[in-house]
1. Which of the residues spanning the stretch 45-92 are within 19 Å of Val232 (Cβ to Cβ) and basic (Lys, Arg)?
2. Scan (1) in contact with a Gly (Cβ under 6 Å, 6 or more places away or on another chain); (2) surrounded by fewer than 20 Cβ atoms within 10 Å (Cβ to Cβ); (3) closer than 15 Å to Ile40 by Cα; (4) not aliphatic (A, V, I, L, M) for the single condition Ser77 breaks and write down its number.
3. When you look at Ile153, is it more than 14 Å from the chain's Cα centre (by Cα), of a type in the set (A, V, I, L, M) and under 26 Å from Gly190 (Cα atoms), yes or no?
4. Among (1) touching a strand residue (DSSP E or B) at 6+ places or on another chain (Cβ under 6 Å); (2) free of Cβ contacts under 8 Å to residues at least 12 places away in the same chain, which single condition is Ile180 missing?
5. Restricting the search to the stretch 153-180, which residues are over 15 Å from Glu193 (Cβ atoms) and modelled with pLDDT under 95?
6. Check every one of the strands (runs of 3 or more DSSP E) wholly within the stretch 137-244 and list those with 1 or more residues that are surrounded by 20 or more Cβ atoms within 10 Å (Cβ to Cβ).
7. Return yes or no: is Lys124 closer than 18 Å to Met171 by Cβ, among the basic types (Lys, Arg), surrounded by 18 or more Cβ atoms within 10 Å (Cβ to Cβ) and modelled with pLDDT of 95 or more?
8. Taking the stretch 38-50, which residues are assigned to a strand (DSSP E or B) and either within 14 Å of the chain's Cα centre (by Cα) or of a type in the set (S, T, N, Q) (or both)?
Amino acid sequence: MILLLVDVANEITKKKDLYMALFGSRKGEKKNYFNVATIITEGTTTVGNLIGNDSIHIDGHIKGDVKVNNVVIVGKSGVIDGNIKAQQVISSGTCNGNIICDSLELMDSSSGKTHIKANKVLIKGHIKGSIICNGLFATEGSLIEANIQAKNITTSGTILGMLSAQVLKIMNTSCIKGKIFADRIINQGGHVEGFIGKYSELIAENPQLEKYGAILNSRTEIALLQHSDYHVDVEKEIEANMNNTKNNNNDDSFIDVEFDIKDESKLFEVG
């Protein structure tokens with residue numbers, strides 16, 4: 001039996017009631033979607049997708065997608081094997097899957113294999129995959145093994161892979177190995193190895209990047225992602241999957257809401 005710790009408005013004593021309070025309602029009843037912060041405690045494994053309007057704090061293991069209209073916090077012991085869509089994501093744990101959000105903070109102990117799309121990204125930990133964002137800051141001690149496309153990048157850590165930006169600032173503790181495409185490079189004593197080319201030429205030669213070219217080349221602050229890109233329409237998600245939920249009468253079944261995301265892999269293919 002899966003344990004899911006959720007505080008809801010009404011007294012819930014049966015699993016069926018929990019199911020309906022989160023993901024449906026009886027006729028005439030008010031629906032509740034995480035009225036207060038939800039906590040998945042350490043040692044708890046939840047199989048299935050979670051959606052809601054409020055924050056969620058994960059110290060356990062989620063095998064599924066997480067979609068909320070507030071903040072997702074992943075503690076040091078937390079693991080998410082699935083996609084994340086939220087206003088803000090702060091992780092000290094492990095995230096394996098796509099992340100779409102406005103603001104992302106990957107703390108010292110964070111790790112994972114992920115494709116990231118965000119407006120603002122702070123990385124202190126170790127990440128593998130790909131990143132597309134407006135602004136990225138990597139601190140000393142961070143390790144990024146990824147292809148990165150951003151308007152502005154400031155790094156004091158280690159980056160291995162392809163890096164492309166309008167402005168790249170390399171601090172003295174930084175090490176970059178791979179391909180670099182930038183219109184302006186400010187090197188304050190960091191170590192750089194690899195090919196260096198113009199970012200504007202990279203955009204021009206790769207049609208799959210044109211969608212973000214105007215934004216990332218702009219001299220003004222324009223959000224890469226709009227609010228609608230990371231907003232979760234909870235009602236729509238639930239209605240689209242209500243039939244599957246109603247038809248599942250297995251006592252050991254899990255809550256499942258489809259995570260609808262287009263294949264963005266071409267955004268990170270270069271050359």
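1. Once the filter is applied, which keeps residues that are within 19 Å of Val232 (Cβ to Cβ) and basic (Lys, Arg), the stretch 45-92 yields Lys67, Lys85.
2. (1)
3. yes
4. (2)
5. Ser164, Ala165, Gln166, Val167
6. 143-155, 158-160, 163-170, 175-177, 180-187
7. yes
8. Thr38, Thr45, Thr46
The values are calculated or read from the model by the stated rules, or taken from the named source; none is laboratory data. On a predicted model such as this, the values are computed, not experimentally measured, just so you know. Because the Cβ atoms are built from the backbone with ideal geometry, glycine has one as well, and the counts that use them run over all protein chains shown.
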